[in-house]
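Report on one structure; see the data block that follows.
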Amino acid sequence: MNDQDPTIDTLLHESRSFPPPPEFAAAAHANDPAIYDQADADWEGWWERWASRLQWDQPWQQVLDWQAPYAKWFVGGKLNASVQCLDRHVDAGHGNRVAYYWEGESGDKRTLTYADMLAEVCHTANALKELGVQRGDRVTLYMPMVPELAISVLACTRIGAIFSVVFAGFSATSLQDRIQDQEAKLVICADACSRRGKCLDLKAVVDEAVANCPTIEKVLVWHRGAGVASASPVSDREVAWEDLVPRQKDQCPPASMDAEDPLFILYTSGTTGKPKGIVHTTGGYLTGALATSKLVFDLKPAQDVYWCTADIGWITGHSYIVFGPMANGVTQVMYEGAPDYPAPDRFWSLVDDYKVSVFYTAPTAIRAFMKWGDEHPEAHDLSSLRLLGTVGEPINPEAWMWYRNKIGHDLCPIVDTWWQTETGGIMISPLPGITATVPGSAMHTFPGVEARLLDQEGKEVEGAGGGYLVLTRPWPSMLRGLWRDPERYEETYWSRFPGKYFAGDGAKRDEHGNLWVLGRVDDVMNVSGHRLSTMEIESALVAHEAVAEAAVIGVAHDLKGQAPVGFVILRGGFEATPELAQTLRQHVATEIGGLARPEAVHFTPELPKTRSGKIMRRLLRDVAEGKALGDLTTLADPGVLTGLKQEYESA
Ligand code: WTA
C-alpha cells in the first residue's frame with residue numbers, strides 16, 4: 001500500500017445529470033429500477049437465472065459454495081464455453097448472422113458468420129489435438145487483432161485446454177516469463193502484424209522467448225501471406241497454420257467441462273516485480289460475461305453492430321470482444337490497427353461504414369480524439385450509434401461531455417464501466433435504460449453486486465465520502481485465484497480488509513449515492529488504461545549495467561492518464577547523459593514492452609527515503625508534477641529532495 005489516502009480528498013461536485021432518452025429506455029432490456037432490489041433480495045437466485053440462460057450438459061447441484069476467499073459457482077454443472085458462443089446460435093438457425101466484420105489497417109476486409117466461426121474453431125481445435133494438446137494443458141497465444149486470435153481462444157475452450165493471451169506488444173522477456181509460469185505446451189502466434197504501416201516481426205519475439213521455454217513442444221504460426229513475411233529462421237518445433245488447420249475435419253465434439261474448470265489465465269501487473277496470473281473458470285465467468293454485456297450494452301443480436309476497440313490481449317477483449325458479445329450472438333466489428341491510421345478519422349469511418357450502434361472504448365482514446373479535432377468525427381455519419389461506453393480508467397468530465405456531444409450527438413447514453421481483470425466482468429456501471437448518468441461517475445454497482453467504501457481502519461464510510469473500494473459478496477465471474485499461488489491471492493485481495501475483496505482502488509460516493517472511482521491506491525499505475533507496476537519497471541531499470549538504484553512513479557499525463565517516469569542513481573563510471581537516459585528508456589521497452597517505456601528518466605545522486613529505507617514515491621510524484629512538497633518529517637534526509645527538485649526543474 002502506498003501513501004495515497006482516498007479518504008482525505010475533497011468531494012467532487014457535478015450537478016449535470018442525463019436521464020436515458022425515453023425511446024432508448026422503452027426498448028432497453030433493463031428499464032425497471034426494481035431490478036436492483038430484486039437482485040439484492042436474492043443475489044444467488046439472480047445469478048442462477050442468468051446461468052440458466054446458458055446451455056448446460058449437466059445441471060449444477062449447488063449455486064454457490066463460498067469458503068472465503070474461495071468461491072465455487074454452479075457446483076457440479078458441466079458445459080463448454082465455445083458452445084455458448086457458437087453452436088447455440090448456429091443450432092437456433094442463426095448460422096448466417098455475421099459474427100465479425102474484420103478490417104485490417106490497410107483496408108483488407110473479412111466477414112465471418114457464426115457458422116464460419118464454428119467451422120474454423122473446429123478445424124483449429126482438431127489441429128490442436130493433432131499437436132498433442134489435451135484437456136487442462138496450457139496454450140499461450142501471441143497474436144494481433146485478427147479473427148484467428150478469437151478462433152484460437154475458442155478452439156482451446158472447445159477441447160478444454162487453458163488458454164492464455166499475451167498482448168502482442170509485450171517483449172520476448174515478458175512472453176517468456178508468462179510461458180514459464182504457466183508451463184505452456186504450445187504457443188500460437190502470427191508471423192507479423194502491421195502498425196501504422198510498419199511491419200512488426202512477432203515470430204522473432206516468440207523465437208527469442210521459446211528458446212528458454214523447455215515445456216513448449218510446438219509453435220503454431222499463422223502467416224499473413226503476401227507482402228508481410230517473417231524473416232526469422234524456422235525452428236523444428238514450428239508448424240505452419242496453413243499446412244495443418246485447413247485440412248482438419250469440420251466437426252469437433254465439445255469437451256464437457258466442469259463449471260469450475262479453469263478457462264484461462266491472464267497476467268496483470270501487481271505491486272511486485274512479478275505479474276499475477278489471474279485464473280478464471282468456465283461457468284461463472286460465462287454467466288457474468290453474458291449478463292453484463294446484455295444489460296450494460298443492451299445488446300440486441302438481430303439489430304446491433306457492436307464494436308469494442310480494445311485488444312483481446314487484455315481482459316476487456318476477453319469479456320467484451322470474445323465471450324460476452326458472442327454468448328449474446330451479436331454482430332461485431334474487429335479492427336486491427338491504430339485509431340489514427342492512415343488518418344485521425346479512421347474510427348469514425350469504420351463506425352460509418354459498418355453502421356456501428358454500440359461503441360466501447362477507453363478514456364485515453366477519447367482524449368486523443370479531442371486533441372485531434374472535431375472535424376474528424378464531423379466528417380462522418382455517426383447516426384447509427386445508440387450507446388457509448390468507456391473503460392480502463394477514470395474518465396474526466398470534459399472528455400465525457402465531448403464524447404456525449406461530438407460522438408453521441410447528445411442522443412446516446414454513456415456507460416462508464418468500472419471493473420478489473422480480476423472481476424472478469426463489469427461491476428460498477430450505469431444501466432443505460434435506467435440510470436441518469438453523471439459525467440465522470442461510474443454510478444452504481446451492477447445488480448447483484450455489492451460495493452462498500454472503507455476507511456484506513458476498515459470502518460465503513462456511510463453516505464457521502466471517500467474510501468477504499470471493496471466488494472462484499474462473491475460474484476460468478478470473480479477470479480478463483482492466482483495461477484499456482486494461493487498465498488499471493490489471499491494476501492493481495494483479502495488481507496487488507498479480511499473477508500472483503502479489496503480492489504486496490506480508491507473511490508468516493510457523492511451525496512446522491514453515485515460512485516466515483518478515483519484510481520489505484522497501490523503501487524500500480526494506469527497508463528492509457530493499462531496496468532503497470534512501478535516495481536516491474538524499477539526491476540527492468542536496475543537490470544541495466546549502468547543503474548545502481550531506481551524509483552519509478554506514474555505522473556499525470558494529458559493523453560495517457562498517467563505515464564511512468566524513472567529516477568535513477570547511476571553506478572560509478574557511468575555518466576549522466578541524455579543519450580544514456582534514452583538508452584534506459586529503450587531498455588525498459590525491450591525488457592517489458594513498449595507501453596512501459598518511461599516518459600523520462602532523470603538522474604539523481606540520491607532518492608528520498610524514509611528512515612527505514614522505503615522510497616517515498618509520493619514525494620517524487622510531487623516533484624515531477626511540480627507540486628509543493630508536503631510533509632517531509634518522515635524523510636531521512638530532506639536535503640535530498642530540494643536537490644532533486646532543482647535538478648528536475650532544470651531538466
Ligand atoms: C482502472 C480493465 C475508473 C481501475 C477492465 C482498476 C477504472 C483497473 C475504470 C483495472 C473506470 C478500470 N473508472 N477506473 N471505469 N475501469 N479502471 O485489470 O484502477 O486492466 O483497478 O481491467 O483499471 O484494470 P484492468
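Residues in region 625-649 that are surrounded by 12 or more Cβ atoms within 10 Å (Cβ to Cβ) and in contact with an Asp or Glu (Cβ under 7 Å, 6 or more places away or on another chain) were compared, and the one that is nearest to GLN562 (Cα to Cα) is LEU629.
Does region 548-561 hold any residues that are in contact with an Asp or Glu (Cβ under 8 Å, 6 or more places away or on another chain) and in contact (Cβ under 8 Å) with a residue 40 or more places away in the chain, and which are they? Steps first, please.
Taking region 548-561 as the starting set, the residues that turn out to be in contact with an Asp or Glu (Cβ under 8 Å, 6 or more places away or on another chain) are 550-552, 555-557, 561.
Matches in region 548-561: ALA551, VAL552, VAL555, ALA556, HIS557, GLY561.
Evaluated against (1) touching a Gly at 6+ places or on another chain (Cβ under 8 Å); (2) within 14 Å of TYR501 (Cα to Cα), GLY425 falls short on exactly one condition, (2).
Here LEU469 fulfils each of the conditions (1) within 14 Å of the ligand (Cβ to nearest atom); (2) assigned by TED's automatic domain parsing to the domain that holds ILE615; (3) touching a Gly at 6+ places or on another chain (Cβ under 7 Å) apart from (2).
Yes or no, residue by residue, for (1) outside the structural domain of ASN126 (by TED's automatic domain parsing); (2) among the aliphatic types (A, V, I, L, M); (3) within 16 Å of the ligand (Cβ to nearest atom):
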| position | (1), (2), (3) |
| --- | --- |
| GLY169 | no, no, yes |
| ASP181 | no, no, no |
| LYS203 | no, no, no |
| ALA209 | no, yes, no |
| TRP241 | no, no, no |
| ILE265 | no, yes, yes |
| THR271 | no, no, yes |
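Across region 423-463, the qualifying residues are those that are assigned to a strand (DSSP E or B) and not β-branched (Val, Ile, Thr), and the one among them that is farthest from the ligand (Cβ to nearest atom) is GLU460. Tallying residues that are assigned to a loop (DSSP other than H, G, I, E, B) and either within 14 Å of PRO447 (Cα to Cα) or of a type in the set (D, E, K, R) (or both) within region 464-477 yields 6. Considering (1) closer than 21 Å to TYR267 by Cα; (2) surrounded by fewer than 23 Cβ atoms within 10 Å (Cβ to Cβ), the lone condition that LEU149 does not fulfil carries the number (2). Pairs are defined by a Cβ separation below 6 Å, a sequence spacing of at least 6 or placement on different chains, a first member in region 102-131 that is closer than 28 Å to CYS199 by Cα and free of Cβ contacts under 8 Å to residues at least 40 places away in the same chain, and a second member that is part of a strand (DSSP E or B) and among the aromatic types (Phe, Trp, Tyr); the pairs so defined are ARG110/TRP102; THR111/TYR101; LEU112/TYR100.
Considering only region 384-422, state which residues are away from the ligand (no atom under 11 Å from the Cβ) and part of a loop (DSSP other than H, G, I, E, B). If the condition is that a residue be away from the ligand (no atom under 11 Å from the Cβ) and part of a loop (DSSP other than H, G, I, E, B), then SER384, LEU385, ARG386, GLY408, HIS409, ASP410, LEU411, CYS412, PRO413 are the ones that fit. Taken residue by residue, region 580-603 has no member that is assigned to a loop (DSSP other than H, G, I, E, B) and more than 29 Å from the chain's Cα centre (by Cα).
Between PHE497, PHE502, the distinction of being over 30 Å from GLU647 (Cβ atoms), more than 13 Å from the ligand (Cβ to nearest atom) and either of a type in the set (D, E, K, R) or not in a helix (DSSP H, G or I) (or both) belongs to PHE497 only. The residues of region 505-545 that are part of a loop (DSSP other than H, G, I, E, B) and away from the ligand (no atom under 11 Å from the Cβ), listed by number, are ASP510, GLU511, HIS512, GLY513, ASN514, ASP523, ALA543, HIS544, GLU545. Condition check: in contact with a Lys or Arg (Cβ under 7 Å, 6 or more places away or on another chain), away from the ligand (no atom under 16 Å from the Cβ) and charged (D, E, K, R). Does ASP381 satisfy that? Judged against the criteria, ASP381 is not a match.
A search for C-beta distances below 7 Å between a residue of region 393-421 that is under 14 Å from THR316 (Cβ atoms) and any residue that is modelled with pLDDT under 95 and away from the ligand (no atom under 16 Å from the Cβ), counting only pairs 6+ apart in sequence or on different chains, returns nothing. Entry remark, region 329-383: residues being in a helix (DSSP H, G or I) and either within 18 Å of the chain's Cα centre (by Cα) or aliphatic (A, V, I, L, M) (or both) number 8 in total.
Take LEU454 and decide whether it is within 30 Å of ARG16 (Cα to Cα), modelled with pLDDT of 95 or more and in the same structural domain as GLU393 (by TED's automatic domain parsing).
Against the criterion (within 30 Å of ARG16 (Cα to Cα), modelled with pLDDT of 95 or more and in the same structural domain as GLU393 (by TED's automatic domain parsing)), LEU454 qualifies.
Kindly provide the set of residues from region 125-146 that are part of a helix (DSSP H, G or I) and surrounded by 20 or more Cβ atoms within 10 Å (Cβ to Cβ), ordered by number. Steps first, answer last, please.
The initial filter retains those residues of region 125-146 that are part of a helix (DSSP H, G or I), namely 125-130.
Result: ALA125, ASN126, ALA127, LEU128.
Being within 16 Å of the ligand (Cβ to nearest atom) and closer than 28 Å to ALA302 by Cα is a description that does not apply to LEU350. Pairing each residue of region 234-256 that is farther than 27 Å from TRP56 by Cα with any residue that is at pLDDT 95 or above and of a type in the set (Lys, Arg), provided the two are 6+ apart or on different chains, yields C-beta distances under 6 Å for ARG237/LYS218; VAL239/LYS218. Against the test of being touching a strand residue (DSSP E or B) at 6+ places or on another chain (Cβ under 9 Å) and under 23 Å from PRO262 (Cβ atoms), the options LEU112, LEU131 yield a single qualifying residue, LEU131.
Scanning region 280-317 for residues that are buried (at least 21 other Cβ atoms within 10 Å of the Cβ) and aliphatic (A, V, I, L, M) turns up LEU286, ALA289, LEU290, ALA291, LEU295, VAL296, LEU299, ALA310, ILE312, ILE315.
Only one of ALA548, ALA563, ALA576 is farther than 21 Å from MET616 by Cβ and in contact with a strand residue (DSSP E or B) (Cβ under 8 Å, 6 or more places away or on another chain). Can you tell me which?
Working: ALA548 fails: farther than 21 Å from MET616 by Cβ; ALA563 fails: farther than 21 Å from MET616 by Cβ.
When all the criteria are applied, what remains is ALA576.
The values are calculated or read from the model by the stated rules, or taken from the named source; none is laboratory data. Everything numeric in this text was worked out from a predicted model, so none of it was measured. Every residue, glycine among them, receives a Cβ derived from its backbone with ideal geometry; neighbour counts consider all protein chains shown.
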